[in-house]
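Data block below; observations after.
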Amino acid sequence: MDAEYFKKSIAPLLKSGGFKRYGTTWRRDQVESIAVFNVQKSQWGGGIFYVNLGTYFRSLGDDALPTENKCHVRVRLDIEDPGKVAANALSWFAARAVLRDAALLAEEDSKRGLVFKEVRRAVVT
């Protein structure tokens with residue numbers, strides 16, 4: 001599967017989940033955060049691409065249209081069937097939509113991706 005086919009296949013799935021597309025990135029406003037879904041082509045070519053997810057917390061920054069690399073919690077998903085990727089992404093975003101929940105998941109998330117120190121320091125009560 002190449003990146004173009006993947007993007008065309010996943011676009012309606014993300015749109016139905018409330019995402020808006022900006023080039024190769026889709027974003028969805030959430031109560032405390034912005035969910036960011038990005039398809040990144042490999043710099044080495046050959047049809048290789050990556051699926052990057054990120055959650056950007058409004059309380060930790062003021063970027064209205066953050067890119068995935070600016071998000072406070074990030075992960076790269078395995079490339080699978082677009083339906084599975086969309087389902088996994090929506091589940092991942094739902095679990096991290098609120099800073100408190102992301103802080104609770106920060107230790108485990110650090111093993112699979114990147115969690116900024118501000119998320120780890122969030123007060124969990």
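The values are calculated or read from the model by the stated rules, or taken from the named source; none is laboratory data. As the structure is a prediction and not an experimental result, all values here were calculated from the model. Note that each Cβ is placed from the backbone with ideal geometry, even for glycine, and that neighbours are counted across all protein chains shown.
Overview of results
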item: Matching residues, segment 83-92, being surrounded by 15 or more Cβ atoms within 10 Å (Cβ to Cβ) and either touching a helix residue (DSSP H, G or I) at 6+ places or on another chain (Cβ under 7 Å) or not in a helix (DSSP H, G or I) (or both); result: Val85, Ala86
item: Residue match in segment 36-54 (condition: among the aromatic types (Phe, Trp, Tyr), buried (at least 17 other Cβ atoms within 10 Å of the Cβ) and at pLDDT below 95); result: yes
item: Residue satisfying all of: in segment 1-15; in contact with a helix residue (DSSP H, G or I) (Cβ under 9 Å, 6 or more places away or on another chain) and under 20 Å from Arg96 (Cα atoms); surrounded by the most Cβ atoms within 10 Å (Cβ to Cβ) among these; result: Leu14
item: Matching residues, segment 93-125, being surrounded by 15 or more Cβ atoms within 10 Å (Cβ to Cβ), in a loop (DSSP other than H, G, I, E, B) and touching a residue at least 24 places away in the same chain (Cβ under 8 Å); result: Arg96, Ala97, Val98, Phe116
item: Filtered residue count, segment 67-82, keeping only those that are out of contact with any Ser or Thr (no Cβ under 6 Å at 6 or more places or on another chain) and either aromatic (Phe, Trp, Tyr) or in a helix (DSSP H, G or I) (or both); result: 3
item: Close pairs from segment 1-25: first within 19 Å of Arg74 (Cα to Cα), partner assigned to a loop (DSSP other than H, G, I, E, B) and aliphatic (A, V, I, L, M), Cβ under 8 Å, at least 6 apart; result: Tyr22/Leu65
item: Given (1) aliphatic (A, V, I, L, M); (2) modelled with pLDDT of 95 or more; (3) within 25 Å of Arg120 (Cβ to Cβ), index of the condition Leu99 fails; result: (2)
item: Residue ID - nearest to the chain's Cα centre (by Cα), chosen from residues in segment 1-59 that are small (Gly, Ala, Ser) and part of a strand (DSSP E or B); result: Gly54
item: Test for Ala64: is it touching a residue at least 60 places away in the same chain (Cβ under 8 Å), in a loop (DSSP other than H, G, I, E, B) and over 23 Å from Phe6 (Cβ atoms); result: no
